[in-house]
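As structure tokens, the structure follows; a few thoughts come after it.
The values are calculated or read from the model by the stated rules, or taken from the named source; none is laboratory data. These numbers come from a predicted model, not from an experiment. In this analysis, Cβ positions are derived from the backbone assuming ideal geometry, glycine residues included, and neighbour counts consider all displayed protein chains.
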């Protein structure tokens, strides 16, 4: 018999932010819960002069990571393997500072890629992580940039791509949205507004407008009980003025956008779900990040089931092909539901293919055409283990 | 549990003139591609290409990206009606509708030929029977 929480589950909401590593956002939590695999004070990286740079809680909301740390495939390869290109190389995670030096040519500034946030600076994600479930080992799917990683969240593969120039016409594996539609279920990508595009808006072009909504519509759908079975929420990717002339800050947390605005964005989604009690008790919300954005993390990415695709040396930039047999750098991931026990720490390996795998198993279990990589990934719906939902006073609330 | 206050970023955090990230540049490029006529959409091995002689205007700042996106996104509804195919040889394909109609024209011709032949044979058989 499934646990009552799983039985009650009707909606999955995924919020995918931009370019921050696990240690950078959640590394401080190890001090309050040793089960969380964060920063213990021993982690360091050599700088370009050979001096050791320790990870320190000195991260700022803005202005430290400008220009953006490198996160193209070859740059991440350097960060993980510290420039070692031999056959039996080991992922040491010792190349972050030296790689960032290449971007800025400034030794002092390059050390800032080792900074992580003190717990109190991130009240939303650290509270959700400790009040619900934090994943110790959720990795980006590819040691590379945004779009190929986000593709894993939508399709369970990137179809052999490791870069940013990606379109997926006529592919063999349907997106999770199309799978749910075929199964008579509902799914939507909520982009922030019409001035901040969704990454998938072009790939799912033929399904305009039924697969797309805006953040405002998400809030309305929560209030009116019209949330689809599956929702994927994209943050605002630009600082821009609204139609009414109001200054709207980017909320994606991509360097060098202000991190607090992303905190407020996540809190607003949490609040919107929680404000509708029926929805709150039937929803699981996953907060994660597409990739680490070139920022330090200490956990070596593990191997994974290859998905049968090969990226050519010209695309990887490393002079070698990539067989999709290793995951990217670890990212923050938190599962929120009143059915999840406080302080849950999960130690299994997850990656973004776990998202379509979980959603498909839940809502379209008969859909069989999926990448072997997706099928082999772990699912997370078994974490709703409580016998009864936690009462409201036992779960956090945020004031914006 | 007590309510947790989430502070607002300072007003100085807002900077629409910040140089556009690669992410924004690619997003705009993909949208520009999507709203073009079918014959102008070129994808080679999953990579968006501009056709020879055409240039996708680069985005410099976040304000640029916002302006372009807000003009492009509303156009997507009509763009969605256009075909979405990949060219493996680096030449943009024409709309498959034309292909389809020429295929169906050929199919119609073949069917017509077959039925004419069948009618002729039936007629000959009947004439033969009548002679008998």
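Tell me whether the range A:47-54 contains one or more residues that are in a loop (DSSP other than H, G, I, E, B) and within 24 Å of residue A:349 (Cβ to Cβ). Within the range A:47-54, none of the residues are in a loop (DSSP other than H, G, I, E, B) and within 24 Å of residue A:349 (Cβ to Cβ).
Given the condition touching a strand residue (DSSP E or B) at 6+ places or on another chain (Cβ under 6 Å), surrounded by 15 or more Cβ atoms within 10 Å (Cβ to Cβ) and within 28 Å of residue B:26 (Cα to Cα), answer yes or no: does some residue in the range A:72-83 qualify? No; the residues of the range A:72-83 include none that is touching a strand residue (DSSP E or B) at 6+ places or on another chain (Cβ under 6 Å), surrounded by 15 or more Cβ atoms within 10 Å (Cβ to Cβ) and within 28 Å of residue B:26 (Cα to Cα). Being touching a helix residue (DSSP H, G or I) at 6+ places or on another chain (Cβ under 8 Å) and either in contact (Cβ under 8 Å) with a residue 24 or more places away in the chain or within 14 Å of another protein chain (Cβ to nearest Cβ) (or both) is not true of residue A:66. For residue A:135, the conditions (1) crowded, with 24+ Cβ neighbours inside 10 Å; (2) under 21 Å from residue A:42 (Cβ atoms) are fulfilled apart from (2).
Right, residue A:84: out of contact with any helix residue (DSSP H, G or I) (no Cβ under 8 Å at 6 or more places or on another chain), in a loop (DSSP other than H, G, I, E, B) and on the phi < 0 side of the Ramachandran plot or not? I'd like the intermediate steps shown before the answer.
Values: out of contact with any helix residue (DSSP H, G or I) (no Cβ under 8 Å at 6 or more places or on another chain): yes; in a loop (DSSP other than H, G, I, E, B): yes; on the phi < 0 side of the Ramachandran plot: yes.
Yes; evaluated as a whole, the condition is true for this residue.
Is it fair to say residue A:284 is more than 14 Å from chain B (Cβ to nearest Cβ), in contact (Cβ under 8 Å) with a residue 24 or more places away in the chain and under 30 Å from residue A:386 (Cα atoms)? It is true that residue A:284 is more than 14 Å from chain B (Cβ to nearest Cβ), in contact (Cβ under 8 Å) with a residue 24 or more places away in the chain and under 30 Å from residue A:386 (Cα atoms). Out of curiosity, is residue A:65 outside any helix (DSSP H, G or I) and under 21 Å from the mean Cα position of the chain (by Cα)? So residue A:65 passes the test. Residue A:238 meets all of the listed conditions (1) over 20 Å from the mean Cα position of the chain (by Cα); (2) within 9 Å of chain B (Cβ to nearest Cβ) but one, namely (1). Please give the number of the condition residue B:1 fails out of (1) in a loop (DSSP other than H, G, I, E, B); (2) facing chain A (nearest Cβ under 7 Å); (3) at pLDDT below 75. Going through the list (1) in a loop (DSSP other than H, G, I, E, B); (2) facing chain A (nearest Cβ under 7 Å); (3) at pLDDT below 75, residue B:1 breaks only (3). When we screen A:250, A:267, A:272, A:187 for residues that are within 23 Å of residue B:68 (Cβ to Cβ), crowded, with 19+ Cβ neighbours inside 10 Å and in contact (Cβ under 8 Å) with a residue 12 or more places away in the chain, the only hit is A:250.
Here the condition is being part of a strand (DSSP E or B) and either under 30 Å from residue A:304 (Cα atoms) or at pLDDT below 90 (or both); of A:201, A:142, A:189, it holds for A:189 alone. The set of residues in the range A:204-247 that are in a loop (DSSP other than H, G, I, E, B) and crowded, with 19+ Cβ neighbours inside 10 Å comprises A:204, A:211, A:227, A:228, A:229, A:234, A:235, A:236, A:237, A:238, A:239. Among the residues here, residue A:163 does not qualify as within 15 Å of the chain's Cα centre (by Cα) and buried (at least 20 other Cβ atoms within 10 Å of the Cβ). For the residues A:323, A:287, the requirement of being over 28 Å from residue A:53 (Cβ atoms) and surrounded by fewer than 16 Cβ atoms within 10 Å (Cβ to Cβ) singles out A:323. Comparison of A:318, A:379, A:360 shows that the only residue that is crowded, with 24+ Cβ neighbours inside 10 Å and touching a helix residue (DSSP H, G or I) at 6+ places or on another chain (Cβ under 8 Å) is A:360.
Residues of the range A:248-275 being part of a helix (DSSP H, G or I) and more than 7 Å from chain B (Cβ to nearest Cβ), which ones? Within the range A:248-275, A:259, A:262, A:265, A:266, A:268, A:269, A:270, A:271, A:272, A:273, A:274, A:275 qualify. Within the range A:19-61, being touching a helix residue (DSSP H, G or I) at 6+ places or on another chain (Cβ under 7 Å) and under 14 Å from residue A:293 (Cβ atoms) holds for A:25, A:59. Filtered by the rule that a residue be over 22 Å from residue A:231 (Cβ atoms) and not in a loop (DSSP other than H, G, I, E, B), the range A:1-41 gives A:4, A:22, A:23, A:24, A:25, A:26, A:27, A:28, A:29, A:30, A:31.
Taken over the range B:11-25, the residue count meeting the criterion of being surrounded by fewer than 20 Cβ atoms within 10 Å (Cβ to Cβ) and either in contact with a helix residue (DSSP H, G or I) (Cβ under 6 Å, 6 or more places away or on another chain) or more than 7 Å from chain A (Cβ to nearest Cβ) (or both) is 7.
Residues checked against (1) more than 10 Å from chain B (Cβ to nearest Cβ); (2) surrounded by fewer than 24 Cβ atoms within 10 Å (Cβ to Cβ); (3) within 27 Å of residue A:37 (Cα to Cα):
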residue: A:140; (1), (2), (3): yes, no, yes
residue: A:144; (1), (2), (3): yes, no, yes
residue: A:153; (1), (2), (3): yes, no, yes
residue: A:158; (1), (2), (3): no, no, no
residue: A:168; (1), (2), (3): no, yes, no
residue: A:174; (1), (2), (3): yes, yes, no
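For residue A:303, the stated conditions do not hold, so it cannot be described as within 20 Å of the chain's Cα centre (by Cα) and buried (at least 23 other Cβ atoms within 10 Å of the Cβ).
Only one residue in A:294, A:245 is more than 10 Å from chain B (Cβ to nearest Cβ), out of contact with any strand residue (DSSP E or B) (no Cβ under 8 Å at 6 or more places or on another chain) and modelled with pLDDT of 95 or more. Which one? If you could, list the steps in order and put the result at the bottom.
Values: A:245 fails: modelled with pLDDT of 95 or more.
From the options A:294, A:245, the qualifying one is A:294.
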